[in-house]
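Student: Okay, handing you the structure first.
Each reported figure results from applying straightforward, stated rules to the coordinates on display, with no laboratory input. These figures come from a predicted structure and were not determined experimentally. Cβ coordinates were reconstructed from backbone atoms using ideal geometry, including for glycine residues, and neighbour counts include every protein chain displayed.
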Amino acid sequence: MELTNAKLLAIDLGTSEVLSIDLTSQAILSRIPYLNTYTPTGLFINAARTKACLAATTSHEGALFIIDIATNSLYKLPIPLPHLSQITLTDDFKTAYFVDQTATLHHLDTTTMKTTPLVNPDITTCRCNGICILNNTIYTIWENDDQGIIAGFSPQGQVVFERFIGGIPTNLFALPNKVMTTFTRNKLHGEGLAIFPLDEMEAPNYLVINPADNCAISAYPCHITLNDEQTIAYVTNEDSGSISVIDLETMQITTSIQIGRSITTFSLLSDSRFAIAGSNMFADLSLIDTVNRRLMAVSETSGELSSWFCLYS
């Protein structure tokens, strides 16, 4: 089995360390400690695969830790940040956008270390469940009771895209011509993936994921991954322990990969034949064969692994 010499950055919540792991040998190459007073809220890697960013928070403040992958070193950005509810970074790590506890969207310039509040989208009763950036538009999803909203903002904080979701959005992924969000507790559609064209005159597509097909009471779709060609979407269903494979050209669910255990995140290796999944429930990582649609192995460690991780080589 060829894993293309891939390596992985993972977070051990029990020891407050970022681990560098060789997937072929499963050996831990390095352990990079971070301040144990912080709880991680995200792990990102830059486009060059040379640096990673650990976002973390306490009850009253947030922090960004930059990891140099070559030297296995870590430092905290010397800037005070509010509690980080959701955060996204540009591929070069020069800019970050985050939402704080007051539902305010902020801009952070990591070069000048300047933070600027942009907008509170007048939905203070809502909770931000996700954020991403594409082509200078910051996309966010918001939960309010049993419904949700997708809102896109310009770098200056102006609303440029807004769509209503009949259920609770759990994650999102932006493409040049569409925005996708997983959702649950939708009275009309149940659970699944909603695909919204950026042309607001076009109707969205709702692809329903039936938990009965996965031998579970609920599916709880919570994560979206695309292949390199951006033609196939893999939707992780946390409660049913499965992955729904979706053809984005035909807008059809083509198959389901049954894992048999709860998983939360999912990332493809370079050739898409294998993938790594993280689990909030079990605090471990799984190796998945996407061709034969089966679970290959589960990490054997005494650590408490976060579901956030990054692949690199």
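Student: Once you order the gyration tensor axes a ≥ b ≥ c over the Cα atoms, which shape class does the stretch 257-313 get: rounded for a/c under 1.5, otherwise prolate or oblate by comparing a/b with b/c?
Tutor: Since a/c reaches 1.5 but b/c is at least a/b, the shape of the stretch 257-313 is classed as oblate.
Student: Which whole-Hz ³J(HN,Hα) couplings does the stretch 220-232 yield from phi under the Karplus relation 6.51 cos²θ - 1.76 cosθ + 1.60, θ = phi - 60°, glycine and proline marked x?
Tutor: 6, x, 9, 8, 10, 10, 10, 6, 4, 7, 6, 10, 10
Student: Something else now. Pull out a ≥ b ≥ c, the square roots of the eigenvalues of the alpha-carbon gyration tensor of the stretch 210-313, then state rounded if a/c is under 1.5, prolate if not and a/b is larger than b/c, and oblate in the remaining case.
Tutor: Taking the square roots of the gyration eigenvalues as a ≥ b ≥ c, the stretch 210-313 is oblate.
Student: Using 0.36 nm per residue of separation minus the Cα-Cα distance, give me the extension gain between D68 and N120 in nm, one decimal.
Tutor: Full extension of this stretch gives 15.4 nm more.
Student: Ok, one more. Under unit Cβ charges (Lys, Arg +1; Asp, Glu -1), what dipole magnitude, rounded to 20 debye, does the chain have relative to its Cα centre?
Tutor: Dipole magnitude for the chain comes out near 400 debye.
Student: Which label belongs to the value computed from this structure, given these candidates for P(r) over Cα pairs in 20 Å bins from 0, in percent: (1) 34, 57, 9; (2) 26, 41, 26, 7, 0; (3) 33, 61, 6?
Tutor: So the calculated entry is the one marked (3).
Student: Mind putting a number on the dipole of the stretch 210-313 about its Cα centre? Charges go on the C-beta only, +1 for Lys and Arg and -1 for Asp and Glu, and I need it in Debye to the nearest 20.
Tutor: The calculation lands at about 180 debye.
Student: Provide the net charge surrounding R31, with neighbours chosen by a C-beta distance below 10 Å and charges set as Lys +1, Arg +1, Asp -1, Glu -1.
Tutor: Net charge around R31: -2.
Student: At 7 Å along the Cα-to-beta-carbon direction for both I79 and Q252, put a label point, then send me their distance in nm to one decimal.
Tutor: Roughly 4.8 nm, to one decimal.
Student: Starting with the fewest neighbours, write out H60, H83, H223, H106 ranked by other beta-carbon atoms found within 10 Å of each beta-carbon.
Tutor: H60, H83, H106, H223
Student: For N205, put the label point 7 Å out on the Cα→Cβ axis and report which residues of the stretch 218-238 keep their amide N under 17 Å from it.
Tutor: Flagged as within label range: 224-236.
Student: Along the charge dipole of the chain, Cβ charges K/R +1 and D/E -1, which of S299, M180, N144 sits furthest on the positive end?
Tutor: S299
Student: Sort R163, R293 by Cβ crowding within 10 Å, fewest neighbours at the top.
Tutor: Listing R163, R293 from fewest to most nearby Cβ atoms yields R293, R163.
Student: First check a/c for the stretch 85-200, with a ≥ b ≥ c the square roots of the eigenvalues of its C-alpha gyration tensor; if it is under 1.5, answer rounded, and if not, answer prolate when a/b is larger than b/c or oblate otherwise.
Tutor: The shape class here is prolate.
Student: Let me ask you something else. Which one of T115, I131, S267 has its Cα pushed farthest toward the positive end of the charge dipole of the chain, where Lys and Arg give +1 and Asp and Glu give -1 at the Cβ?
Tutor: It is T115.
Student: Answer with one residue from V245, A47, P169: the one whose Cα lies farthest towards the positive end of the charge dipole of the chain, charges on Cβ with Lys, Arg +1 and Asp, Glu -1.
Tutor: Toward the positive end, the furthest listed residue is A47.
Student: Let me ask another. For P221, what is the net charge nearby, where nearby means another residue's Cβ is under 10 Å from its Cβ and Lys, Arg count +1, Asp, Glu -1?
Tutor: Charge balance in the 10 Å sphere: -3.
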